[in-house]
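The values are calculated or read from the model by the stated rules, or taken from the named source; none is laboratory data. All figures in this text were calculated on a predicted structure; none of them were measured in a lab. Positions of Cβ are generated from backbone atoms using ideal geometry, with glycine treated the same way; all protein chains shown enter the neighbour counts.
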Amino acid sequence: MTGSEVVDALRANYFEPQGFGVRTDTDAAGFARLVVRVRRGDVDRRLFGLRFVDFPLAPPTLRFWTLARWEDGDFDFDFTTPGETSSGLVTAKSGVPTMCIPYHADYYKNEWHTDKPWTAGSAEDHVADLVENILRRS
């Protein structure tokens, strides 16, 4: 699968059926990305995005933003920035708000973690695990 195909599959199989808000597009550099507002009942819980730069060879970029950004029509969900302070569960050594779960780029950056390596042959399964872990912790 390509990054665009993964984004489409995530939207159709994970997010839309569960009633989450989801936005998908291709950024100016040509990479597929999605931004998801996680809801539990009537409560917004988390706002995160995935960007697929070199899929399936590399894990996606994971970013978190404050929930208010969902309603801000002028806000650019820029995956080249670290996201927003206090929007993740932990902070990576690089300063990026994140979750300490495998299968996203910052998990492996600067050898922050070396367990559960990313493998291109299992990339689709890795992304499914990543999404399940994000949703379970939201």
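Condition check: part of a loop (DSSP other than H, G, I, E, B), farther than 20 Å from residue 2 by Cα and in contact with a strand residue (DSSP E or B) (Cβ under 8 Å, 6 or more places away or on another chain). Does residue 86 satisfy that? Yes: the conditions hold for residue 86.
If the condition is being at pLDDT 95 or above and either among the hydrophobic types (A, V, I, L, M, F, W, C) or part of a loop (DSSP other than H, G, I, E, B) (or both), then segment 39-61 contributes 47, 48, 50, 52, 53, 54, 55, 56, 57, 58, 59, 60.
The set of residues from segment 6-34 being touching a helix residue (DSSP H, G or I) at 6+ places or on another chain (Cβ under 8 Å) and part of a strand (DSSP E or B) comprises 21, 22, 24, 26, 32, 33, 34. Of the residues making up segment 62-81, those that are in a loop (DSSP other than H, G, I, E, B) and touching a Ser or Thr at 6+ places or on another chain (Cβ under 7 Å) number 2. Quick one: in segment 73-109, which of the residues that are under 22 Å from residue 125 (Cβ atoms) and not hydrophobic (A, V, I, L, M, F, W, C) is surrounded by the fewest Cβ atoms within 10 Å (Cβ to Cβ)? Once the filter is applied, the top-ranked residue is 109.
Comparison of 63, 51 shows that the only residue that is closer than 17 Å to residue 2 by Cα and buried (at least 21 other Cβ atoms within 10 Å of the Cβ) is 51.
Can you spot a residue in segment 106-126 that is within 22 Å of residue 14 (Cβ to Cβ) and touching a strand residue (DSSP E or B) at 6+ places or on another chain (Cβ under 6 Å)? Looking through segment 106-126, at least one residue is within 22 Å of residue 14 (Cβ to Cβ) and touching a strand residue (DSSP E or B) at 6+ places or on another chain (Cβ under 6 Å). Among the residues of segment 115-125, the ones that are exposed (fewer than 11 other Cβ atoms within 10 Å of the Cβ) and part of a helix (DSSP H, G or I) come to 1 in all.
When segment 83-101 is filtered for residues that are under 20 Å from residue 118 (Cα atoms) and charged (D, E, K, R), only 93 remains.
The set of residues in segment 73-90 that are closer than 19 Å to residue 138 by Cβ and over 13 Å from the mean Cα position of the chain (by Cα) comprises 84, 85, 86, 89, 90. Annotation note: of 112, 70, the sole residue that is surrounded by fewer than 20 Cβ atoms within 10 Å (Cβ to Cβ) and within 15 Å of the chain's Cα centre (by Cα) is 70.
Take the conditions over 15 Å from the mean Cα position of the chain (by Cα), of a type in the set (Gly, Ala, Ser) and at pLDDT 90 or above and apply them to residue 30. Does it pass? Yes, satisfied.
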